[in-house]
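What follows is a single structure, written as structure tokens, with notes after it.
The values are calculated or read from the model by the stated rules, or taken from the named source; none is laboratory data. In this text, all values refer to a predicted model and were calculated from it rather than measured experimentally. For neighbour counting, all protein chains shown are included, and Cβ atoms are generated from backbone atoms with ideal geometry for every residue, glycine included.
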Amino acid sequence: MNKLSAQTQMIVAAVLVVLVVVGALFFGILPEFDKAKQLDTQIQELDSQINTAKLLVSRRQSAKAQAAQTEVDLIKIANQVPESPELPSLIINLQDTANAAGLEFIQITPQVPTPILDQGGQPAGYTSIAIDVKVEGQWADMIDYVGRLSRYTRGVRVKTAQFSTVPGSETTERYVEGRISLVVYTMSVINVSSPAVPSAPATPPADAQPSQ
């Protein structure tokens, strides 16, 4: 058998090298590329799942925060508009506020509770109570008093405020008389037909005789 020439041997060797390289590509490197491609696809899917999970967590946290804020708002509304009128404690608060502002609390007159009606004329589920307050003092104290009323925890609306100066005398200094109409609300419908208690007892006629 004749020996291969040197040139032929080089060609055969080159062909073998090419075959080895091609074999390595098909059996070694290309499968790794396929695996890498599959890994990239899995990573993208995982990223999508993570983003979806983050979005879901964010929505749940937002809903939880909104629920907590709603609960706080409901508690605030319950404080501003209680279930019952609680007029005794409100009257005491109004008097204490007037004293804190440097005013003299002269008179308070709650009016008849009025159920609030909706646009259809049906009860809206809450009641308004008008309250007339009379105080005496100085102008600066009147302004302070009205400002304190606007900061009440319970909802108190100043409907009207009338102030007049009362001249002084030999025994008294000049002062300001304030007549303030307030409105408070309660989350209940109070059905009344007449005032519960008059602001002052009626004075009997001078010629009235005691009953036998």
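Counting residues in the range 53-62 that are at pLDDT 75 or above, surrounded by 10 or more Cβ atoms within 10 Å (Cβ to Cβ), among the hydrophobic types (A, V, I, L, M, F, W, C) and under 30 Å from Glu136 (Cβ atoms) gives zero. With respect to the conditions (1) part of a helix (DSSP H, G or I); (2) at pLDDT 75 or above, Glu71 lacks only one, and its number is (2). Criterion applied to Thr109, Thr165, Thr172, Thr127 was being at pLDDT below 90 and in contact with a strand residue (DSSP E or B) (Cβ under 7 Å, 6 or more places away or on another chain), and the one residue passing it is Thr127.
Between Ile106, Ile91, Ile129, the distinction of being closer than 18 Å to Val183 by Cα and assigned to a strand (DSSP E or B) belongs to Ile129 only.
Being loosely packed, with under 11 Cβ neighbours inside 10 Å, part of a helix (DSSP H, G or I) and either out of contact with any helix residue (DSSP H, G or I) (no Cβ under 8 Å at 6 or more places or on another chain) or modelled with pLDDT of 60 or more (or both), is that true of even one residue in the range 198-210? Within the range 198-210 (the criterion being loosely packed, with under 11 Cβ neighbours inside 10 Å, part of a helix (DSSP H, G or I) and either out of contact with any helix residue (DSSP H, G or I) (no Cβ under 8 Å at 6 or more places or on another chain) or modelled with pLDDT of 60 or more (or both)), the answer is no, since none of the residues qualifies. Looking at the range 103-110, can you tell me whether even one residue there is within 15 Å of Arg157 (Cα to Cα), over 26 Å from the mean Cα position of the chain (by Cα) and of a type in the set (Val, Ile, Thr)? No, every residue in the range 103-110 fails to be within 15 Å of Arg157 (Cα to Cα), over 26 Å from the mean Cα position of the chain (by Cα) and of a type in the set (Val, Ile, Thr). Taken over the range 154-177, the criterion of being more than 19 Å from Ile108 (Cβ to Cβ) and either in a loop (DSSP other than H, G, I, E, B) or touching a residue at least 60 places away in the same chain (Cβ under 8 Å) (or both) is satisfied by Pro167, Gly168, Ser169, Glu170, Thr171, Thr172, Glu173, Arg174. Filtering the range 135-162 to residues that are closer than 19 Å to Arg174 by Cα and either among the polar types (S, T, N, Q) or in contact with a Phe, Trp or Tyr (Cβ under 8 Å, 6 or more places away or on another chain) (or both) leaves Val135, Glu136, Gly137, Gln138, Trp139, Met142, Gln162.
Here Asn79 meets the list (1) closer than 30 Å to Asp132 by Cα; (2) among the polar types (S, T, N, Q); (3) at pLDDT 80 or above almost entirely, failing just condition (3). Cβ contacts < 8 Å: first residue within 22 Å of Glu86 (Cα to Cα), restricted to the range 98-127; second residue at pLDDT 85 or above and part of a loop (DSSP other than H, G, I, E, B), any location; separation 6+ or different chain. Result? Listed by first residue and then by second, the contacts come to Thr127/Pro113. On the given criteria, is Phe26 part of a helix (DSSP H, G or I), within 60 Å of the chain's Cα centre (by Cα), surrounded by 10 or more Cβ atoms within 10 Å (Cβ to Cβ) and modelled with pLDDT under 70? Against the criterion (part of a helix (DSSP H, G or I), within 60 Å of the chain's Cα centre (by Cα), surrounded by 10 or more Cβ atoms within 10 Å (Cβ to Cβ) and modelled with pLDDT under 70), Phe26 does not qualify. Filtering the range 136-153 to residues that are assigned to a helix (DSSP H, G or I), touching a residue at least 24 places away in the same chain (Cβ under 8 Å) and either of a type in the set (Val, Ile, Thr) or touching a helix residue (DSSP H, G or I) at 6+ places or on another chain (Cβ under 9 Å) (or both) leaves Asp141, Asp144, Tyr145, Val146, Arg148, Leu149. Residues in the range 149-156 include at least one that is more than 14 Å from Thr186 (Cα to Cα) and surrounded by 15 or more Cβ atoms within 10 Å (Cβ to Cβ).
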